[in-house]
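The values are calculated or read from the model by the stated rules, or taken from the named source; none is laboratory data. Computed from a predicted structure; not experimentally measured. Neighbour counts are summed over all protein chains in view; Cβ atoms, including those assigned to glycine, are modelled from backbone coordinates with ideal geometry. We work out accessible area using only protein heavy atoms, side chains counted, and drop any ligands, DNA or RNA first. Shrake-Rupley method; radii C 1.70, N 1.55, O 1.52, S 1.80 Å.
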Amino acid sequence: MTTVGSRTPRFVQVSAALGVVFLALPVVGLLRRVSWLTLWDQLTQSSSRDALRISLYASLSATLLALIIGLPLAWCLARMQFRLRRVVRALVLLPMVIPPVVGGVALLGVYGKTNGLLGGVLDSLFGIQLTYSIWGVIIAEAFVAMPFLVLALEGGLRSINTRYEEAAAVMGASDFARFRRVVLPMLRPSLVAGLMLAWARALGEFGATITFAGNIEGRTQTTPLAVYTMLESNHEGAYALSFLLVAVCVAVLIGLRDKWIGGISR
Amino acid sequence: MISLHGTVVAGEFSRSFDLEIGHEIVGVVGQNGTGKTSLLRTIAGLSALGSGLLSLNDVMTDCPAERFFVLPELRNIGMVFQDHALMPFLSAVDNAALPLVVRGMKRSEARKLALELLEQFGVADVAQQMAPTLSGGQSQRVAIARALIGNPSVVLLDEPLSAIDEGSRNDVRLCIREHLNRLGVSALVVSHDFADIDQICTRIENYTR
């Protein structure tokens, strides 16, 4: 006999089914429009290849950049008590909630060559121009992807009981040895999940990238930007690249099944 | 050698201790809440002394008045924690070998020494098992082996036999005593079981409220 608490009303089940249809239909619509016979040709044409190459390079670099600056940040948020912690956490979440185009505008305000806070200095002193370059793509992607990594790492670090690090310290392990031998193995599931989510977010980034780095074919045009451009002239190519992006994201979700989908379905 | 004259602090709790321990095995008895575990944590460097002076082997180790504190990793201490604190992502043998590995010994060499020690403590048969799959008694024996493997100059044992079954306690007690005598170290043993203290220790410190 089902108890009151475990019984799900029929109208909730119907609404849930509608939700599933709502989420699944766009994928079906996309798959329906993919021209399977010319898929390979579309994916291997030069503009697609360039976009894929730039996307792969920029998203991996952005994920690495997010890791380098995000891990210490997650550590401080998880382990330190400081007055501005709430402000810092809000700052970490900001790129997640603001429209990506606004993120791109904000980045222009900092790194823009003419009116940017630091852009002019970087250009005149070091000859570095971030806007409309691959570096701009990497910065824009890291900006929007970092919150996913920081949140995953912060959660992971919070869940590690510090008694293991205490035990390692008494054994003679230095700060670095404790991190390498104790924290890192225990953090691995959160680290992998955070890296995959951040990478998937960077790979699909559009708004901040087109605003900050532009849409220059062969230089800053990533796959989502190529899809946007191709929609005007080459629908088959746009659907082929879209399919590829969806396939990559599904692969990420499968990779994270124990961490996210498994946890939800239990 | 351990010399502690000062106040041990843990949150709201504080208590003064006057302790001089040579190359001997001292049992610490007392009710719950008398600061026995806090005393061990302070000697290990996991908590700072509230006031006074702690010296290990005639070397000043913790002196709040002089803002002097030696980090736990530099104290050369072997410690068994009450909850064993075995690394859950490592096997029994890798746990026992960890003090040697973190100090730079090759993993294969460290594992060989760890396996020998696990054999002496009767848990060689579970050496390859992951820590979370060990029984309480097996886990505690691995924790004891881990505390002794790095040739520490001070050994701290917090309820080292609480999870070991009555039938094999005597063997483990003798094994601990043999190892502590061989190492010739200063050792502190906290236990609720008087038989543990009686068989392992050479002297007793009694702390009541």
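Points worth noting:
- Note on the range A:75-191: the alpha carbon radius of gyration divided by the globular reference 2.2 N^0.38 Å gives 1.39.
- Accessible surface computed residue by residue for the range A:1-130, with neighbouring protein chains in place and a 1.4 Å probe, gives 70 Å² per residue.
- Over the range A:5-127 - Rg/Rh using Cα atoms and the Kirkwood inverse-distance radius: 1.13
- Those aspartates and glutamates that a straight Cα-Cα span of less than 12 Å connects to B:K112, excepting residues fewer than 8 apart in one chain: B:D94
- Relative frequency of Cα-Cα separations exceeding 26 Å in chain A, percent: 54
- Most positive-pole-ward Cα, A:A168, A:Y239, A:T211, against dipole of the range A:168-266 from beta carbon charges: A:A168
- Using the Cα coordinates of the range B:101-209, the gyration tensor eigenvalues translate into equivalent-ellipsoid semi-axes of 24, 17, 12 Å, sorted from longest to shortest.
- Burial here means at least 30 square angstrom less accessible surface with every protein chain in place than with the chain by itself, probed at 1.4 Å; in the range A:161-183 the buried residues are A:R163, A:Y164, A:E166, A:A167, A:A169, A:V170, A:M171, A:G172, A:R181.
- Global form of the range B:6-55, assessed from the alpha-carbon gyration tensor, a/c cut-off 1.5: oblate
- Rounded is the label for the range B:1-88, because the ratio a/c of its alpha-carbon gyration tensor axes (a ≥ b ≥ c) stays below 1.5.
- Dividing the alpha-carbon radius of gyration of chain B by the rule-of-thumb value 2.2 N^0.38 Å gives 0.99.
- For residues of B:39-50, the mean tally of beta carbons on other chains within 10 Å: 1
- Measuring nothing but protein heavy atoms, the accessible surface of the range A:109-178 at 1.4 Å probe radius is 62 percent carbon and sulfur.
- Contact surface B-A: accessible area buried, both sides summed, square angstrom, 1.4 angstrom probe: 1700
- Beta bridges by DSSP in chain B, antiparallel share as percent, to the nearest 5: 55
- As computed over the range B:49-141, the Cα convex hull volume per residue (Å³): 128
- Cα gyration tensor shape of the range A:215-256, rounded if a/c is under 1.5, else prolate or oblate by comparing a/b with b/c: oblate
- Relative contact order (%) - the range B:100-209, alpha-carbon pairs under 8 angstrom, separation at least six: 23
- Solvent-accessible heavy-atom area per residue, rounded to whole Å², over the range A:163-231 at 1.4 Å: 36
- Whole-Å semi-axes of the ellipsoid equivalent to the range A:177-266 (Cα gyration tensor, √5λ, descending): 33, 18, 9
- For the peptides B:49-62, A:244-257, the ranking by mean Cβ contacts within 10 Å, running from highest to lowest, is B:49-62, A:244-257.
- Each 20 Å bin, from zero up to the one with the longest distance, holds this percent of the alpha carbon pairs of the protein assembly as shown: 19, 37, 28, 15, 0.
- Relative counts (whole %) of C-alpha pair distances in the range B:145-198, using bins that are 10 Å wide: 23, 60, 17, 0
- Size descriptors for the range A:135-179, from the alpha-carbon set: Rg then Dmax equal 15.9, 46 Å.
- Each Lys or Arg adds one and each Asp or Glu subtracts one; over the other residues with Cβ under 14 Å from the Cβ of B:A110, this totals +4.
- Over the range A:63-121, the ratio between the Cα radius of gyration and 2.2 N^0.38 Å evaluates to 1.35.
- Of the trypsin sites (Lys or Arg not before Pro) in the range A:64-138, those whose Cβ has at most 11 other Cβ within 10 Å and which sit in DSSP loop: A:R83
- Value of [θ]222 nm, deg cm²/dmol, for the protein assembly as shown, DSSP H segments ≥ 4, -39500 (n - 2.57) each, nearest 500: -18500 deg cm²/dmol
- Chain-alone versus full-assembly comparison, the range B:101-127, residues with accessible loss of at least 40 Å² (1.4 Å probe): B:V102
- Mean sequence separation of contacting Cα pairs (under 8 Å, at least six apart), scaled by the length of the range B:1-152, corresponds to a relative contact order of 20 percent.
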